[in-house]
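The values are calculated or read from the model by the stated rules, or taken from the named source; none is laboratory data. As the structure is a computational prediction, the values presented were derived from the model and not from experiment. Glycine gets a Cβ as well: all are built from the backbone with ideal geometry, and neighbour counts include every protein chain shown. Accessible surface is based on the protein model in full, side chains and every heavy atom, while ligands, DNA and RNA are left aside. Shrake-Rupley method; radii C 1.70, N 1.55, O 1.52, S 1.80 Å.
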Amino acid sequence: MSVRTRFAPSPTGYLHIGGVRTALYSWLHARRQGGRFVLRIEDTDLERSTPEATAAILEGMAWLGLDWDEGPFYQTQRMDRYREVLAQMLAAGTAYYCYCSREEVDAMREEQRTRGEKPRYDGRCRTRSTAREGVAPVIRFRNPDTGETVVEDLIHGRVSFQNSELDDLIIARSDGTPTYNFCVVVDDWDMGITHVIRGDDHLNNTPRQMQILQALGANLPVYAHVPMILGPDKQKLSKRHGAVSVLEYREQGFLPDALLNFLIRLGWSHGDEEIFSREQMIEFFQIDTVNKAASAFNPEKLLWINAQHMQRLSPEGLAQHLRPYLDAQGITEASLAQGPDLSAVVALLQERAKTLVEMAGAASMFYLAPVTGEIKDVEKHLHGQSALLESLLQHLEALPVWTAAAIHSAIQELAVSHADGKMGKVAQPLRVAVAGRAVSPPIDGTLALLGKAETLARIRHARSWLAAV
């Protein structure tokens with residue numbers, strides 16, 4: 001049987017990294033086994049589901065490259081099918097109408113607590129044959145009274161549930177709308193899902209869903225419940241830890257493959273390897289080797305992994321990822337055309353940048369000349385340096401060839417004559433003059449890319465800044 005996995009987010013909020021890791025594991029298992037990956041939107045919570053959240057889920061999945069083979073399917077478009085299966089179960093006696101009011105059920109459970117019993121619905125409507133006037137009934141699943149339901153989980157191993165501890169689950173509300181656990185079962189059945197990979201917060205739902213599937217005569221999927229991701233403080237992951245929309249990681253300048261690489265390592269390993277290409281993730285990943293213990297989110301590790309992926313891309317490939325971030329800084333295609341080749345700029349910056357946002361900030365100086373320098377840097381490095389700027393202009397203008405090596409030699413000569421041989425005493429004022437700030441890539445390579453005419457023009461312009469210091 002061909003492997004079929006699914007990712008089934010609820011559009012009641014953003015797609016966060018916990019959901020992305022679940023989607024990734026499901027996607028990888030399907031890809032490794034040559035199977036199919038299904039995307040299903042569980043939007044039956046009409047009060048909380050929004051079109052904006054649905055759009056964000058689809059956009060996030062597309063950005064990450066977690067392409068789906070079928071779907072997206074929407075539960076709200078499958079209501080007729082749910083009603084059909086409910087009718088079948090009522091006719092077969094595996095489900096029944098329950099006319100108990102909420103108050104009656106609450107009183108029943110309070111009495112059970114008083115007797116020291118586990119509160120649960122006692123099945124009093126199981127044998128009821130007549131309707132209760134003025135009461136819109138719910139539909140309950142007739143849960144097995146005896147025996148146990150065993151989940152052979154690929155991650156957690158054998159997990160046993162006593163059927164006597166599980167009461168008759170409501171599978172349709174009094175207004176006729178089906179409940180989550182019922183819709184999931186019908187969807188997995190109809191879509192032929194062979195492997196259900198999801199968060200371990202769903203583990204307690206699994207025996208009920210298995211029982212409904214068995215009542216329908218359906219094949220049971222294989223289950224794998226992925227442990228949760230904790231914050232660095234080992235507490236439940238929250239917004240302050242990084243539980244934000246996955247699209248915010250895009251805004252922060254992370255590469256999609258780097259984020260996936262980071263997430264796959266939260267609970268799974270392949271020897272001591274840390275960095276994986278997408279192809280390697282597909283080749284090596286095995287769902288039954290995922291650790292059952294929760295993993296901690298480490299933002300510094302994410303930054304490191306992102307930097308590694310940036311360094312391993314070709315300059316041309318990384319330049320394509322960088323373009324939207326340059327555009328956000330007002331650097332248009334026309335600006336890029338008038339400046340140095342973007343791939344060459346990327347190659348200069350590639351070893352140091354940790355994010356695309358950081359790289360775009362460093363690259364901007366090549367395409368947008370600073371109007372003025374940052375005050376603190378001008379005061380610290382340019383104040384009283386008029387003579388040095390004049391010498392820089394003379395030495396650089398006299399260079400017969402404009403290369404990084406020639407520029408480096410000129411700066412070195414000036415360091416000997418003006419700064420007791422200290423390169424920084426020349427390089428820092430020069431950085432501020434051409435970049436407007438005291439931080440830039442290696443100054444010789446920077447000027448080589450910037451070009452002779454532009455470099456000299458910026459140094460001349462920087463002389464005007466001194467008047468304001």
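When only C-alpha pairs under 8 Å and at least 6 residues apart count, what is the relative contact order of the chain, in percent?
Dividing the mean separation by the residue count of the chain yields 12 percent.
Volume per residue, Å³, of the convex hull around the alpha-carbon atoms of the stretch 391-469? Provide the component values of the computation, followed by the final result.
Numbers: hull volume 6.7 nm³, N = 79.
So the per-residue Cα hull volume is 85 Å³.
Where nothing but the Cβ of Lys and Arg (+1) and of Asp and Glu (-1) is charged, how large is the charge dipole of the stretch 50-141 around its Cα centre, in debye to the nearest 20?
It comes to approximately 720 debye.
Could you give the nm distance between label points at residue 404 and residue 126, where each point is 7 Å from its Cα heading toward the beta carbon?
7.9
Full extension from residue 76 to residue 111: what is 0.36 nm times the residue separation minus their Cα-Cα distance, to one decimal in nm?
That pair, residue 76 and residue 111, stretches by 8.8 nm at full extension.
Which shape class, rounded, prolate or oblate, goes with the stretch 356-432 when its Cα gyration tensor gives a ≥ b ≥ c as root eigenvalues, a/c under 1.5 marks rounded, and past that a/b bigger than b/c marks prolate? Each step should come with its number before you reach the end.
Values: a/c = 1.93, a/b = 1.31, b/c = 1.47.
Taking the square roots of the gyration eigenvalues as a ≥ b ≥ c, the stretch 356-432 is oblate.
Rank these by accessible area, largest first, 1.4 Å probe: 465, 68.
68, 465
What net charge do the residues around residue 340 carry, taking every other residue with its C-beta under 13 Å from that of residue 340, with Lys and Arg at +1 and Asp and Glu at -1?
Local charge sum for residue 340: -1.
Can you put 305, 275 in order of accessible area, largest first, using a 1.4 Å probe?
275, 305
Report, in whole Å, the centroid distance computed from the Cα atoms of the stretch 33-71 and the stretch 81-101.
After rounding, the separation between the Cα centres reads 29 Å.
Given a Förster radius of 35 Å and the C-beta distance between residue 311 and residue 393 as r, what FRET efficiency does 1/(1 + (r/R0)^6) yield to the nearest 0.05?
Rounded to the nearest 0.05, the efficiency is 0.50.
At 222 nm, what value in deg cm²/dmol follows for the chain if DSSP H runs of at least 4 each add -39500 (n - 2.57) and the sum is divided by all its residues, to the nearest 500?
After summing the helix terms and dividing by the residues of the chain, the value is -14000 deg cm²/dmol.
Using the beta-carbon distance between residue 412 and residue 233 and R0 = 41 Å, what value does 1/(1 + (r/R0)^6) give for FRET efficiency, to the nearest 0.05?
Values: r = 49 Å, r/R0 = 1.21.
Rounded to the nearest 0.05, the efficiency is 0.25.
From the P(r) of the stretch 287-429, can you give the percent of Cα pairs sitting at distances over 28 Å? Working shown, then result.
Values: 4174 of 10153 pairs.
When all Cα pairs of the stretch 287-429 are counted, 41 percent exceed 28 Å.
Would you please give the FRET efficiency between residue 216 and residue 337, computed as 1/(1 + (r/R0)^6) with r the Cβ-Cβ distance and R0 = 51 Å, to the nearest 0.05?
On the way: r = 63 Å, r/R0 = 1.23.
According to the calculation, E is roughly 0.20.
Mind ordering 257-264, 286-293 by average Cβ neighbours within 10 Å, highest first? Walk me through the intermediate numbers first.
Working: 257-264: 23.1, 286-293: 14.4.
In decreasing order of mean packing, 257-264, 286-293 become 257-264, 286-293.
Which shape class, rounded, prolate or oblate, goes with the chain when its Cα gyration tensor gives a ≥ b ≥ c as root eigenvalues, a/c under 1.5 marks rounded, and past that a/b bigger than b/c marks prolate?
Prolate.
Just flag the GluC sites (Glu not before Pro) in the stretch 250-299 sitting in loop per DSSP whose Cβ has no more than 12 other Cβ atoms within 10 Å.
273
Determine the gain in length on full extension of the stretch residue 453-residue 55; use 0.36 nm per residue of separation and subtract their C-alpha separation, reporting nm with one decimal.
Fully extending the segment from residue 453 to residue 55 adds 138.5 nm.
Take the alpha carbon atoms of the stretch 328-386, find their radius of gyration, then divide it by 2.2 N^0.38 Å using N residues; give the quotient.
1.32
Assign one of three labels to the stretch 71-169, namely rounded, prolate or oblate, based on the Cα gyration tensor with a ≥ b ≥ c the square roots of its eigenvalues; rounded applies when a/c is under 1.5, prolate when it is not and a/b is larger than b/c, and oblate otherwise.
oblate
What aspartates and glutamates does residue 301 reach when the alpha-carbon gap must be under 12 Å and sequence neighbours fewer than 8 apart in one chain are set aside?
274
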